[in-house]
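Participant: One structure coming up, written as structure tokens, with questions to follow.
Please treat every number below as a calculation from the coordinates, not as lab data. Here the structure is a predicted model, which is why all the values come from computation and not from measurement. With ideal geometry, Cβ positions are generated from the backbone for all residues, glycine too; neighbour counts draw on all protein chains shown.
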Ligand SMILES: [Zn+2]
């Protein structure tokens, strides 16, 4: 599942391996994978662009290109990007192929077909994707308990849904939210504004730990070079309904909150 640890792992790989490389040509195999502009404009705008930098905002992979253009990729639930020799056979679920210099491809693959890419002048893309309205990044060194308290203070909604809202806090997907709430010992059904200072401190520490561990283990998916991340073996409660809570032994419960699968311990999350 592509959440922030998976996206961050890919961005670090892209930064290491792709800066200075040139995109020669682009092939769009699934037209729906181009969010904007048109498929023709997308491929034309990418011809001979040099990749200058790779960064991340929430779950967007952002590649700065020569000519002040930005290429944005969103992996949705299961998408990923791989770097492979051009001659390597394409997987059926390949959506877009960027042919690079040195006979290598970057390929956007997604078995569900929901991953999307877009290109535009940097300021235009910022606006079209509404990047400025995203909340503070949970991975930012400036994200401290005061920032979390401020972001949750006036939110009336259910805690889990509020934490998933990227305009409140950029960085938590469904899995990492459940893992953080379990680690912090907080019930996902609470009202966001109801957390005590002690609970905010625990939740903040839990979010930082869950994301840091996910990144240290290089996520749960394959990285840019095809190596599988190890974070899949480091899950506390997500998708473990009926299994014993690692902290108290109570069976992990399942419910839906805001249409999202939610896993929690009915005993030690209060
Ligand atoms: Zn428990």
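Participant: Being in a strand (DSSP E or B) and touching a helix residue (DSSP H, G or I) at 6+ places or on another chain (Cβ under 7 Å) is the requirement here; does residue 238 meet it?
Facilitator: No: the conditions fail for residue 238.
Participant: I've got another one for you. Filter region 1-32 for residues that are in a loop (DSSP other than H, G, I, E, B) and without any contact (Cβ under 8 Å) to a residue 40 or more places away in the chain; which is surrounded by the most Cβ atoms within 10 Å (Cβ to Cβ)? Spell out the reasoning first.
Facilitator: At the first step, the residues of region 1-32 found to be in a loop (DSSP other than H, G, I, E, B) are 1-3, 19-21, 29-30.
If we keep only those that are without any contact (Cβ under 8 Å) to a residue 40 or more places away in the chain too, we end up with 19-20.
Details: 19: 14, 20: 9.
Result: 19.
Participant: A further question follows. Please state which one of 162, 73, 109, 82 is under 30 Å from residue 194 (Cα atoms) and surrounded by 15 or more Cβ atoms within 10 Å (Cβ to Cβ).
Facilitator: The conditions single out 162.
Participant: Go through region 42-56 and count every residue that is over 17 Å from the mean Cα position of the chain (by Cα) and free of Cβ contacts under 8 Å to residues at least 60 places away in the same chain.
Facilitator: Residues in region 42-56 being over 17 Å from the mean Cα position of the chain (by Cα) and free of Cβ contacts under 8 Å to residues at least 60 places away in the same chain: 9 in total.
Participant: Working only within region 91-118, note down all residues that are without any contact (Cβ under 8 Å) to a residue 60 or more places away in the chain, farther than 17 Å from residue 223 by Cβ and in contact with a strand residue (DSSP E or B) (Cβ under 8 Å, 6 or more places away or on another chain).
Facilitator: Matches in region 91-118: 93, 103.
Participant: Determine which single condition residue 122 fails, assuming it passes every other condition in (1) under 22 Å from residue 194 (Cβ atoms); (2) surrounded by fewer than 16 Cβ atoms within 10 Å (Cβ to Cβ).
Facilitator: Of everything listed in (1) under 22 Å from residue 194 (Cβ atoms); (2) surrounded by fewer than 16 Cβ atoms within 10 Å (Cβ to Cβ), residue 122 misses just condition (1).
Participant: Could you please give the count of residues in region 213-270 that are at positive phi and surrounded by fewer than 20 Cβ atoms within 10 Å (Cβ to Cβ)?
Facilitator: 6
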